[in-house]
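Here is the structure we will look at, set down as structure tokens.
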Amino acid sequence: MPDATQTRPAITASHDVVIVGAGFGGMYQLHRLRGLGLSAKVIDAASGVGGTWYWNRYPGARCDVESMQYSFGFSEEIQQEWKWPELFSAQPDILKYANFVADKLDLRRDMLFDTRVTEAKFDDTTNQWTVGTSRGDRFTANFLIMASGCLSSARVPDFKGLNTFKGKTYHTGAWPHEAVDFTGLRVGVIGTGSSAIQAIPVIAAQAASVTVFQRTPNFSIPSRNGPMTEEYERKWKDDYAALRAKARATRNGIIAYPNDFSALSISPAERDAIYEARWATGGTTFMAAFNDLIFDQAANDTAAEFVRGKIKQIVKDPATAELLAPTSHPIGTKRICVDTRYFEAYNRPNVRLIDVRSAPIEELTPAGLRTTSASYEFDAIVFATGFDAMTGALTGMGIEGSGGRPLEAEWRDGPRTYLGPMTADFPNLFMITGPGSPSVLSNMMVSIEQDVNWITDCLSWLRSHGIARMEATRKAQDDWVLHGIEVANTTLYPKAASWYMGANIPGKPRVFMPYIGGVASYHDKCAEIAANGYTGFQFGGAEKVAQAAE
Ligand code: FAD
Ligand code: NAP
């Protein structure tokens, strides 16, 4: 396999479509475009397919949506043939799955790896995109599709003295390919988000000591993961088409067996019995215990208090338990975490928790790091510090739209899209799971399939109408953005300083980026817009424009 350290001649080529990203989004998009008979090239900085599952190789990495659901549903052959080893499969198995799909669909022949897209410019005269890469390649294409990922731009905080630390450093989202052996080492872990919560118990089982630096505690539900049973697999595979349809008809793209009544409509004892049952089942479906947990603070408080109680039961040291119990945000308004014995890890003698809310990290030092109150020494530091989510990959790519407008400048006050796939003044540029779509609030496989299908149908429609240029109107975009804010404000989500709000990046505008109206209603809205001739979009560059716009 080629890698970025090897040279190769620069490529100059023209395609109907260039796709950035060879994760699940780019893979499925390529497959669908081939079905239209379009020529497409997928470009990825990675050395292989898989995206998230190529990069996030940290110990304990696994999905938090059950594998039977967190998988492609578009091919009956693929979903019947593939066998998941666990209920929530681990990163190596998900990466194997991505490679299995790539083999099955023969995707790699149209993919270019170890190549980063560094610029993309739209030409108003030809209605084409020119895409430049880190290898000096130059591609022209009628359409540019961003499958560049919502959680692909890994971020290390700008700590003073970052490069002075003499030990090894790792970021969960850019983990080495070779196995990392922590045996006998003193390890510092910065962060307590989903990645850290998965990694900490596994690292703690190996390392001499693990010191966790926590700024904000998170709610986490045990996954109750286990081996896939023949019986459970059959239950899904015998009825896959119907079950996938059922998932698409939900709010989050996950079959969660929601209770359609308020947490406040029953007695505390009845409520706790329901929470106990959900806790025993495990996973994100905990939040489906009642229908008002994300809307009503008092209802949410009951769930939050239940989980805080569980944390205090599990963690033996009362001071540590208190620190681990989240109080800064309503439960579920930051991505709820799913763990395997995370809180239990704090009962190990080699794990300690440091609160960096009260005493922030000041700098990294040659020996470790220093907070405002103490110094710590490590052999290795793990940054589980997250991503420049939803916009980082897009604004870091040198995209210039109509009239040379840089995307980065257009989105300075926060991302603005119409429906998610398009943004005004960036003609013929599509985004899979873009800001303004349900995206990261959902089972991403469901949202990826929805978006790819919509984009593919759109390209087919443009071709059949002889249209060379399509873009969102400002009016439609403004209305959609406003609608997104209104819907978000009916929920408790904006109360949390989350990465959904851009709050994890200093200086990033605080805007709720995904669309919270739900997967099913979003699908219906997108389908309606398409059926009505893509209302809210404008067209150009061909004789049939007037006809299409009617
Ligand atoms: P990605 O998989 O992120 O792929 C994007 C690709 O684009 C990357 O390979 C990247 O290298 C490439 N790229 C970006 N910019 C450039 C550039 N300039 N040039 C070239 N290449 C570029 N979602 C769920 O629904 N359920 C889960 O259980 C779940 N677990 C997750 C666990 C982790 C650790 C993380 C980080 C995310 C998880 N997600 C989960 C979200 C996950 O990102 C999506 O489910 C899904 O994998 C995204 O696929 P994608 O193809 O859209 O993007
Ligand atoms: P994250 O949720 O953004 O967590 C980053 C952590 O680093 C937070 O605890 C954050 O604290 C901390 N942090 C950041 N900067 C810091 C600083 N300067 N000082 C101290 N602490 C700092 O990132 P993530 O854990 O990688 O998860 C991102 C998303 O990926 C998840 O929400 C989820 O969608 C997905 N994911 C899913 C799974 C899964 O279970 N399948 C696993 C991993 C990731 P603050 O909270 O205070 O900012």
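The values are calculated or read from the model by the stated rules, or taken from the named source; none is laboratory data. This is a predicted model, so every value here is computed, not measured. As a convention, Cβ positions derive from the backbone with ideal geometry for all residues, glycine included, and neighbour counts pool all protein chains shown.
Observations on the model:
- Candidates Gly23, Gly37, filtered to the one that is within 16 Å of ligand 2 (Cβ to nearest atom), closer than 22 Å to Trp454 by Cα and assigned by TED's automatic domain parsing to the domain that holds Gln79: Gly23
- Any strands (runs of 3 or more DSSP E) falling wholly within segment 120-220 and containing at least 3 residues that are closer than 19 Å to Asp379 by Cβ and more than 14 Å from ligand 1 (Cβ to nearest atom): 186-190, 209-214
- Verdict on Leu36 being buried (at least 21 other Cβ atoms within 10 Å of the Cβ) and away from ligand 1 (no atom under 12 Å from the Cβ): no
- Contacts under 7 angstrom Cβ, first residue in segment 111-126 being basic (Lys, Arg), partner crowded, with 19+ Cβ neighbours inside 10 Å and not in a strand (DSSP E or B), 6 or more apart: Arg116/Ala45
- Test: residue in segment 63-70 that is of a type in the set (D, E, K, R), near ligand 1 (Cβ under 9 Å from one of its atoms) and over 18 Å from Gln198 (Cβ atoms): no
- Apart from one condition, Met111 fits all of (1) buried (at least 17 other Cβ atoms within 10 Å of the Cβ); (2) within 11 Å of ligand 2 (Cβ to nearest atom); (3) over 30 Å from Thr340 (Cβ atoms); the exception is (2).
- The number of residues in segment 461-475 being assigned to a helix (DSSP H, G or I) and surrounded by fewer than 16 Cβ atoms within 10 Å (Cβ to Cβ) comes to 5.
- Flag for Arg224 being outside the structural domain of Ser447 (by TED's automatic domain parsing), surrounded by fewer than 20 Cβ atoms within 10 Å (Cβ to Cβ) and within 16 Å of ligand 1 (Cβ to nearest atom): yes
- Screening segment 390-401 for residues that are within 16 Å of ligand 2 (Cβ to nearest atom) and not in a helix (DSSP H, G or I) and picking the one that is farthest from Lys121 (Cα to Cα) gives Met390.
- The number of residues in segment 330-363 being touching a helix residue (DSSP H, G or I) at 6+ places or on another chain (Cβ under 7 Å), charged (D, E, K, R) and within 16 Å of ligand 1 (Cβ to nearest atom) comes to 2.
- Exactly one residue out of Ile314, Ile354, Ile331 is touching a Phe, Trp or Tyr at 6+ places or on another chain (Cβ under 6 Å), among the β-branched types (Val, Ile, Thr) and within 11 Å of ligand 2 (Cβ to nearest atom), and it is Ile354.
- Subset of segment 491-522 (residues that are crowded, with 21+ Cβ neighbours inside 10 Å and in a helix (DSSP H, G or I)): Tyr493, Trp499, Tyr500, Met501, Val519, Tyr522
- Scanning segment 364-389 for residues that are among the β-branched types (Val, Ile, Thr), assigned to a loop (DSSP other than H, G, I, E, B) and more than 16 Å from ligand 1 (Cβ to nearest atom) yields Thr365, Thr372.
- For the residues Asp451, Asp478, the requirement of being surrounded by fewer than 20 Cβ atoms within 10 Å (Cβ to Cβ) and not β-branched (Val, Ile, Thr) singles out Asp478.
- When segment 357-389 is limited to residues that are of a type in the set (A, V, I, L, M, F, W, C) and farther than 24 Å from Tyr58 by Cα, the one that is farthest from ligand 2 (Cβ to nearest atom) turns out to be Ala374.
- Annotation: of all residues in segment 136-162 being more than 16 Å from ligand 2 (Cβ to nearest atom) and over 13 Å from Lys41 (Cβ atoms), the one that is surrounded by the fewest Cβ atoms within 10 Å (Cβ to Cβ) is Gly136.
- Where Glu344 falls short, out of the listed (1) assigned to a loop (DSSP other than H, G, I, E, B); (2) outside the structural domain of Ser447 (by TED's automatic domain parsing): (1)
- Selection from segment 459-517 of residues that are aliphatic (A, V, I, L, M) and more than 30 Å from Thr216 (Cβ to Cβ): Leu459, Leu462, Ile467, Ala468, Met470, Ala472, Ala476
Here is a yes/no grid of residues against (1) of a type in the set (Ser, Thr, Tyr); (2) within 24 Å of the chain's Cα centre (by Cα); (3) at pLDDT 95 or above:
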site	(1), (2), (3)
Arg155	no, yes, yes
Phe159	no, no, yes
Thr169	yes, yes, yes
Gly173	no, yes, yes
